[in-house]
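Encoded as structure tokens, the structure appears first; notes follow it.
The values are calculated or read from the model by the stated rules, or taken from the named source; none is laboratory data. A quick note: this is a predicted structure, and the numbers were derived from the prediction, not measured. All Cβ positions, glycine included, derive from the backbone under ideal geometry; neighbour counts span all protein chains shown.
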Amino acid sequence: MNRGIGLGMIRNLAQRVVAPLDPPLMAIAGLLLLLSIGVMGSASPERLNAQLINVAVALVVMRVVAQVPPQRLMHLAVPVYLAGVLLLIAVALFGDVSKGARRWLNLGFMRVQPSELMKIAMPLLLAWFFQQREAMPRLRDFGIAALIVLLPVALIARQPDLGTAILVLAAGFYVIFFAGLSWKIIIGLAVSALAVAPLAWNLLHDYQRNRIITLFDPEKDPLGKGFHIIQSTIAIGSGGIFGKGWREGTQAQLEFIPERHTDFIFAVFSEEFGLFGNLALLALYAMLIGRGLMIAANAATLFSRLLASAVTLIFFTYAFVNMGMVSGILPVVGVPLPLISYGGTAMVTLFIGIGILMSIHGHRMLVQK
């Protein structure tokens, strides 16, 4: 009898641990993590242990977030957003300067990058905002939402950190779009953006203008500003159809690829695993995005639908921008390859997003009741 009770307790505990987790989403994320560990062992073996620690921490955080009901997430939206904005202001006033940018805040026992928090805080607050106006959001509401987006984006761009600013802007735009923003307004904004682009050019830092110029003519400075793009495109092209094999890529092993463990890890992957490897990676990202959108479509509330949609498309933005810049079709803006690149902050942020998706999926029936 005691044995039966013990087995029952273990079974119930196991069910509580696994219940909020979405098996398809977990399987896709797990395969991407395996690829991350494999390519890290080639690109930067000395960082492999640190990456394993990053992955472990991220999985624990994901598990915790997955247990938080969407109603609780909605209550956290305003304080999390305000905390993120205050931290960004603190970075502007007291942040550490590294490589000409003020992006980090030293808390004494650790350094944090508050801009990463805004990738989650932004869609969280906007989803809450439109949930309060579920009946029929007005044009004024979309204007307020735009101001909510632009405040942290401006603070992040000032650091300067154009890559993160683009990701936060995209996260906010996705929520506003799915909340019902008219296509006429979107087209009008796009035309207006093109019209003011020449003026915006003067607001860019010198290194940002150089990155755009280098995109169109990397051979102008092959050993300087164009070195990143030239070496990464050589690596991608030399991989061919089947790749050179794990740890056999000459561009990576001879250290011609800069930042090969972070922003340019896709070049290492392409050289070693070729076109077939890239297609497999794209298929995993497509399945991840598809699963996320399916969770969004089946969500019980407007808040959950908007949040799940935005979080899912953040993964798309990460992958599209990173692969685009490494392939030489977008300027270099410093965006990691999601769940593959080395880095603790970005890894944890992305797994918070996966945890949110699991929470929305796991608690959908409870919400409906």
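Determine whether residue 225 is in contact with a helix residue (DSSP H, G or I) (Cβ under 7 Å, 6 or more places away or on another chain), among the charged types (D, E, K, R), within 18 Å of residue 326 (Cβ to Cβ) and modelled with pLDDT under 90. When the stated conditions are applied, residue 225 passes them.
Looking at the range 161-178, is at least one residue under 30 Å from residue 263 (Cβ atoms), free of Cβ contacts under 8 Å to residues at least 12 places away in the same chain and out of contact with any Cys (no Cβ under 7 Å at 6 or more places or on another chain)? Yes; the residues of the range 161-178 include at least one that is under 30 Å from residue 263 (Cβ atoms), free of Cβ contacts under 8 Å to residues at least 12 places away in the same chain and out of contact with any Cys (no Cβ under 7 Å at 6 or more places or on another chain). Filtering the range 256-270 to residues that are within 14 Å of residue 230 (Cα to Cα), surrounded by 19 or more Cβ atoms within 10 Å (Cβ to Cβ) and more than 19 Å from the chain's Cα centre (by Cα) leaves 257, 268. Residues of the range 259-304 that are polar (S, T, N, Q), more than 11 Å from residue 39 (Cβ to Cβ) and assigned to a helix (DSSP H, G or I): 278, 304.
With respect to being hydrophobic (A, V, I, L, M, F, W, C) and buried (at least 24 other Cβ atoms within 10 Å of the Cβ), residue 307 fits the description. On inspection, residue 237 fails the criterion of being of a type outside the set (A, V, I, L, M), part of a helix (DSSP H, G or I), at pLDDT 95 or above and surrounded by fewer than 23 Cβ atoms within 10 Å (Cβ to Cβ).
For the residues 140, 211, 133, 158, the requirement of being farther than 27 Å from residue 230 by Cα, touching a residue at least 12 places away in the same chain (Cβ under 8 Å) and among the basic types (Lys, Arg) singles out 158. Scanning the range 195-218 for residues that are farther than 27 Å from residue 142 by Cβ, loosely packed, with under 10 Cβ neighbours inside 10 Å and either basic (Lys, Arg) or over 27 Å from the mean Cα position of the chain (by Cα) (or both) gives a single hit, 202.
Being at pLDDT 95 or above, surrounded by 15 or more Cβ atoms within 10 Å (Cβ to Cβ) and not small (Gly, Ala, Ser) is true of residue 124. Reported count of residues in the range 313-369, each being among the aromatic types (Phe, Trp, Tyr) and either on the phi > 0 side of the Ramachandran plot or in a loop (DSSP other than H, G, I, E, B) (or both), is 1. Residue by residue through the range 219-244, note down the ones that are more than 10 Å from residue 270 (Cα to Cα) and more than 28 Å from the chain's Cα centre (by Cα). Answer for the range 219-244, where residues must be more than 10 Å from residue 270 (Cα to Cα) and more than 28 Å from the chain's Cα centre (by Cα): 219, 220, 221, 222, 223, 224. What about residue 354, is it under 16 Å from residue 164 (Cβ atoms) and in contact with a helix residue (DSSP H, G or I) (Cβ under 6 Å, 6 or more places away or on another chain)? Criteria not met by residue 354. The residues on offer are 341, 327, and the sole one that is small (Gly, Ala, Ser), within 18 Å of the chain's Cα centre (by Cα) and closer than 23 Å to residue 208 by Cα is 341. Restricting attention to the range 289-304 and to residues that are touching a Phe, Trp or Tyr at 6+ places or on another chain (Cβ under 9 Å) and buried (at least 22 other Cβ atoms within 10 Å of the Cβ), the residue that is nearest to residue 352 (Cα to Cα) turns out to be 292. Of all the criteria given as (1) under 19 Å from the mean Cα position of the chain (by Cα); (2) surrounded by 15 or more Cβ atoms within 10 Å (Cβ to Cβ); (3) under 25 Å from residue 286 (Cα atoms), the one not satisfied by residue 43 is (1). For the residues 270, 341, the requirement of being of a type in the set (Gly, Ala, Ser) and touching a His at 6+ places or on another chain (Cβ under 8 Å) singles out 341.
Summed over the range 178-194, the residues that are over 26 Å from the mean Cα position of the chain (by Cα) and surrounded by 12 or more Cβ atoms within 10 Å (Cβ to Cβ) give a count of 1. Among the basic types (Lys, Arg), under 23 Å from the mean Cα position of the chain (by Cα), loosely packed, with under 12 Cβ neighbours inside 10 Å and over 14 Å from residue 305 (Cα atoms), is that true of residue 99? Yes: the conditions hold for residue 99.
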